[in-house]
Amino acid sequence: VQLVESGGGLVQAGGSLRLSCVASGSSFISAMAWHRQAPGKKRELVARITADGSPNYADSVKERFTISRDNAKNTVYLQMNTLKPEDTAVYYCNANYGLSMGDYWGQGTQVTVSS
């Protein structure tokens with residue numbers, strides 16, 4: 001299984017970016033999520049979405065970020081609006097394939113928000 005992220009980049013504060021993550025293969029994916037890690041900080045969960053589309057978000061991104069998924073394409077998206085400098089981090093995609101296969105991670109995509 002490989003997860004490939006795209007969509008990161010440099011944006012000014014208040015701007016928007018949309019991240020995408022495509023998972024290879026055709027196995028059922030239980031939950032998909034986005035995590036991020038800023039320099040000198042621990043990796044943290046940003047948003048998670050179940051197979052039936054139920055999302056949950058970190059408090060710091062609620063009302064600004066939206067996670068969605070296309071099960072037919074094994075793809076998860078993260079629409080990020082009203083970006084802040086504190087959103088600057090490497091964003092990682094995660095896919096959970098259940099107990100038999102476990103978790104897989106993407107290589108990360110850099111998001112930089114300038115003030």
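The values are calculated or read from the model by the stated rules, or taken from the named source; none is laboratory data. As the structure is a prediction and not an experimental result, all values here were calculated from the model. When we count neighbours, we look across all protein chains shown, and the Cβ atoms used for this are built from the backbone with ideal geometry, even at glycine. Protein only, heavy atoms only, side chains kept; ligands, DNA and RNA dropped before computing areas. Shrake-Rupley method; radii C 1.70, N 1.55, O 1.52, S 1.80 Å.
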Fill in the blank from the handout: Along the stretch 12-28, Karplus-curve 3J(HN,Hα) (6.51, -1.76, 1.60; θ = phi - 60°) to the nearest Hz, with x for Gly and Pro, reads 7, 4, x, x, 10, 9, 10, 9, 10, 9, 10, 9, 6, x, 10, 5, 5
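Rounded to the nearest 0.05, what FRET efficiency is calculated for residue 72 and residue 10 with R0 set to 35 Å and r the Cβ-Cβ distance?
Values: r = 32 Å, r/R0 = 0.90.
Result of the calculation: an efficiency of 0.65.
Quick check: convex hull over the Cα atoms of the chain, volume per residue in Å³, rounded to an integer?
Working: hull volume 10.7 nm³, N = 115.
Cα-based convex hull of the chain, divided per residue, equals 93 Å³.
Taking 0.36 nm per intervening residue step and subtracting the Cα-Cα distance, what contour gain separates residue 105 from residue 18 on full extension?
Details: separation 87, 0.36 × 87 = 31.32 nm, distance 1.83 nm.
Between residue 105 and residue 18, full extension yields an extra 29.5 nm.
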Exercise for the section: Would you mind getting the accessible area per residue of the stretch 15-62, heavy atoms of the protein chains only, 1.4 Å probe, in Å²? Expected result: 54 Å²
Handout entry: Most mobile of 52, 103, 87 in a GNM of the chain (Cα contacts under 10 Å)
Key = 52
Completion exercise
Per the rule of 0.36 nm per residue minus the C-alpha distance, extending residue 37 to residue 60 adds in nm 6.9 nm
Practice task
Please give the residues of the stretch 69-96, grouped as numeric ranges, whose backbone N is less than 15 Å from a label point set 7 Å along the Cα-to-Cβ vector of residue 26.
Solution key: 72-74
